[in-house]
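Q: For reference, the structure I am asking about is given below.
The values are calculated or read from the model by the stated rules, or taken from the named source; none is laboratory data. Only a predicted model underlies this, so the values are computations on that prediction, with no experimental measurement involved. Cβ coordinates were reconstructed from backbone atoms using ideal geometry, including for glycine residues, and neighbour counts include every protein chain displayed.
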Amino acid sequence: MKTYDYPKSRALFERAAKVIPCGIYGHLSPAPLVPPSHYPFYAQSASGSRFKDVDGNEFIDYMCAYGPMVLGYCHEKVDAAARSAYETGNCVTVPAPVMVELAERLVDLVPMADWAFFAKNGNDVTTQALMVARSATGRKKVLAISGGYHGVAPWTQGLGHHGVVEEDQANMIRVPWNDFRAFENAVYSHPDQIAAFIATPYHHPVFVDNEYPAEGYWNKIVALCRQKGIVVIVDDIRCGFRMDMGGSHEYFGFTPDLVCFCKAIGNGYPISALVGTEALKNDASKVFYTGSYWFSAAPMAAALACINELAEINGPKVMMEYGKKLLDALVELAKKHGYDLRVTGSPSMPYLRITNDPTLNLHQDWCSEVTRRGAFFSSHHNWFMSCAHNEDDYKKTLEIADKAFSVIKKNEAKYL
Amino acid sequence: MDRELVMANLNAYAVLQNLEDLVALDPESAQAAKNWKISIQFVVRNGPKAFVSFRDGRCKVGRGSYTNPDIILFFTSPSHLNKMFANKANPIPVKGFTRLGFLTKDFTALTKRMEYFLRPTDELLADPQYLKLNTVFTLNTAAFAVRELALGDPLCIPVAKGIPDGIVLLKILPDGPAVNLDVDDGDMDVQKDDVARPAAAMYMKDMKSANLFLNQKMDPFTAIVRGDVSIRGRIPFLDAISLILDRVEGYLA
């Protein structure tokens, strides 16, 4: 089986490094992909479940642009909707009617939602959610989960990170996931001071197993928050529309006050949304929050087409089923080679880890050997399934994974 | 912990240990120290305690008390020690008055030689032997400094709290030098040694890449993507250590 080379990616990176900090910054940096030499850096084209890099190598994509791609790259219905908006007028002095249509559709789709607000990125709406909660409660402090990710604004990052100062963190209180006692202690230690609790519907950090909420966890959280006047914010940016079309909180059986969506909402078009209950609509109106491109019609049209299509085909079910089928097969394949492959999180966005080597070196080697043979696997981040992944992808992925297991077997003594 | 105390800990525990490698790797220093048989205890009121001993042509630097040292140097405060390291103050000898000549002449010459290797210029770095020593010193100082900042710097303490137990290796390829940090239950032990199966590892391609990287002349993300530096294993360890390392310059620049 051929392994890929990446000379054009490398050459482009050298040019990038001269004029862009880090060359490729942020979550798309190849730095945590171990080793970077086995991974492509730049895409030339994409279609369906696959993309081709600038060296002409094709990859079955199990990262889906880290979430946004949900129906398939260059999905005709979504692109046609966006194209139509681009042709008639995208970013104009006044918004387009599609803004109203999209808001109505989201209110219709997400049972707890009485209104919707649109921005560009996930962090736009997680920050907005905090501001709405503070306006509504008159309080400053925010409870969040240790290791929980809500973007990159200073309030979301830990103290000690570059550009973050003590004042940015002064009102953040972090508690461990699935520890209701710690949550309760934090609430009672700060009486009438906590504006909001923000968390992802289940815990999906990088490099470690993902964790679903324990039985009753969310219901206890919500009950205490209601009692104490704390706004419950679900950051559904990563999971949204991959578990339940009504929001991932529906999957887990609880009702928050505010929900943040991004990633899968537009199949790659830049848009995010904050939805909320009637009780918070007034405060959402009072918080001054806006952005130059937030009213652009094309991403809204794309989002409307995307969520309509996802609802039509029951996208979450499609992705969960493909995910389960693939993951069960990978676990069996791993067993055949003498490895324990642990899968955690939703089948539509699983985190995988070969547990035989607790340092993750073996897992890093396996993922990189798979990637350089044509299926893009991240070793540190949860994967993403899409509605475009198909039977051909399934078969090819298993073939590649099997080969990669054989390859790492030869060097496993280094790590075991 | 106040800044002067953190700085004093850095000077006593991270900078001073470079004397070991100076004597081992610099022929001029090795020649000077080859017949020395003497030990010096540094005692700082409300601050660090460290010792330097010379025996059999080798130098050993350690934390804490040395049994029956030949010389005891007392500092009235962490600030006093820091001023000495900045050549702006003298210690107070409380034992070993007959060995003052060694202190003012031989030991001072050695510390000046150490300082020479700790203040690189592009011109000096063009010499492979200088490059090697500066790189070894920078690597080891960085690793020992991580421990002190993890325990004492207010911005590093929260970062360090998130580091799980395990060993992190920093190594210059192909054959070293290497230094490892063993995190265990909130404490950190640093050893100048390679380890076989670290929880996380950072490998620098060669001496030149290591020098650029450790002296912050190379953006780490670019260096990793290019392969000048490679990271493996439980990378969150390295993320945390990298954040702490970035703060060393604020103290020791």
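Q: Under the condition of being touching a helix residue (DSSP H, G or I) at 6+ places or on another chain (Cβ under 8 Å) and either within 12 Å of chain B (Cβ to nearest Cβ) or surrounded by fewer than 20 Cβ atoms within 10 Å (Cβ to Cβ) (or both), which residue from the stretch A:361-373 is farthest from residue A:31 (Cα to Cα)?
A: A:362
Q: Mind listing whichever residues of the stretch A:244-269 are in a loop (DSSP other than H, G, I, E, B), under 14 Å from the mean Cα position of the chain (by Cα) and of a type in the set (Gly, Ala, Ser)?
A: Step one: list which residues in the stretch A:244-269 are in a loop (DSSP other than H, G, I, E, B), which gives A:244-247, A:253-257, A:262, A:267-269.
Add one more test, that the residue is under 14 Å from the mean Cα position of the chain (by Cα), and what stays is A:247, A:262, A:267-268.
Selection gives A:247, A:268.
Q: What helices (runs of 4 or more DSSP H) lie completely within the stretch B:166-253 and have 1 or more residues being modelled with pLDDT under 95 and within 11 Å of chain A (Cβ to nearest Cβ)? Can you show your working first?
A: Details: elements: B:207-214, B:220-226, B:235-245, B:249-252.
Where helices (runs of 4 or more DSSP H) fall fully within the stretch B:166-253 and carry at least 1 residues being modelled with pLDDT under 95 and within 11 Å of chain A (Cβ to nearest Cβ), they are B:220-226, B:235-245.
Q: Sticking with this structure for a sec: Where in the stretch A:270-355 are the helices (runs of 4 or more DSSP H), entirely inside, with at least 1 residues that are in the same structural domain as residue A:201 (by TED's automatic domain parsing), more than 22 Å from the chain's Cα centre (by Cα) and over 30 Å from residue A:378 (Cα atoms)? Spell out the reasoning first.
A: Numbers: elements: A:281-286, A:297-313, A:315-336.
It comes to A:281-286, A:297-313.
Residue by residue, here is whether (1) within 16 Å of the chain's Cα centre (by Cα); (2) of a type in the set (S, T, N, Q); (3) not assigned by TED's automatic domain parsing to the domain that holds residue B:163 holds:
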{"position": "B:184", "(1), (2), (3)": "no, no, no"}
{"position": "B:188", "(1), (2), (3)": "yes, no, no"}
{"position": "B:205", "(1), (2), (3)": "no, no, no"}
{"position": "B:209", "(1), (2), (3)": "no, yes, no"}
{"position": "B:224", "(1), (2), (3)": "no, no, no"}
{"position": "B:227", "(1), (2), (3)": "no, no, no"}
{"position": "B:232", "(1), (2), (3)": "no, no, no"}
{"position": "B:237", "(1), (2), (3)": "no, no, no"}
{"position": "B:247", "(1), (2), (3)": "yes, no, no"}
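Q: Now for a separate question. Tell me the residue from A:210, A:171, A:185, A:123 that is within 30 Å of residue A:353 (Cβ to Cβ), free of Cβ contacts under 8 Å to residues at least 40 places away in the same chain and in the same structural domain as residue A:91 (by TED's automatic domain parsing), please. Give the derivation first.
A: Working: A:210 fails: free of Cβ contacts under 8 Å to residues at least 40 places away in the same chain; A:171 fails: within 30 Å of residue A:353 (Cβ to Cβ); A:185 fails: within 30 Å of residue A:353 (Cβ to Cβ).
Residue meeting the stated conditions: A:123.
Q: Answer with yes or no whether residue B:123 is charged (D, E, K, R) and within 20 Å of residue B:7 (Cβ to Cβ).
A: Values: charged (D, E, K, R): yes; within 20 Å of residue B:7 (Cβ to Cβ): no.
Answer is no for this residue.
Q: What number of residues within the stretch A:156-184 satisfy the criterion of being part of a loop (DSSP other than H, G, I, E, B), touching a Pro at 6+ places or on another chain (Cβ under 9 Å), within 12 Å of another protein chain (Cβ to nearest Cβ) and surrounded by 14 or more Cβ atoms within 10 Å (Cβ to Cβ)? Outline the logic, then answer.
A: The first filter runs over the stretch A:156-184 and keeps only residues part of a loop (DSSP other than H, G, I, E, B), leaving A:156-165, A:170-171, A:176-179.
Narrowing further to those that are touching a Pro at 6+ places or on another chain (Cβ under 9 Å): A:158-161, A:163-165, A:177-178.
Checking which are within 12 Å of another protein chain (Cβ to nearest Cβ) leaves us with A:158-161, A:163-165.
Pick out the ones that are also surrounded by 14 or more Cβ atoms within 10 Å (Cβ to Cβ) and you get A:158-161, A:164.
Qualifying residue count for the region: 5.
Q: Here's another thing I want to ask about it. For the condition buried (at least 24 other Cβ atoms within 10 Å of the Cβ), closer than 19 Å to residue A:178 by Cβ and not basic (Lys, Arg), what is the one hit in A:235, A:209?
A: Numbers: A:209 fails: buried (at least 24 other Cβ atoms within 10 Å of the Cβ).
Just a single option satisfies the conditions, and that option is A:235.
Q: Please indicate, with yes or no, whether at least one residue in the stretch B:158-169 is farther than 22 Å from residue A:206 by Cβ and touching a residue at least 24 places away in the same chain (Cβ under 8 Å). Walk me through it before giving the result.
A: In the first step, residues of the stretch B:158-169 are kept if they are farther than 22 Å from residue A:206 by Cβ; the result is none.
Looking for residues that are farther than 22 Å from residue A:206 by Cβ and touching a residue at least 24 places away in the same chain (Cβ under 8 Å), one finds none in the stretch B:158-169, hence no.
Q: Taking residue A:387 and the conditions (1) without any contact (Cβ under 8 Å) to a residue 40 or more places away in the chain; (2) outside any helix (DSSP H, G or I); (3) away from chain B (no Cβ under 14 Å), which numbered condition does it fall short on, given that it satisfies the others?
A: (1)
Q: Which of the residues spanning the stretch B:106-136 are of a type in the set (D, E, K, R) and in a helix (DSSP H, G or I)?
A: Taking the stretch B:106-136 as the starting set, the residues that turn out to be of a type in the set (D, E, K, R) are B:106, B:112-113, B:115, B:119, B:122-123, B:127, B:132.
Within the stretch B:106-136, B:106, B:112, B:113, B:115, B:122, B:123, B:132 meet the criteria.
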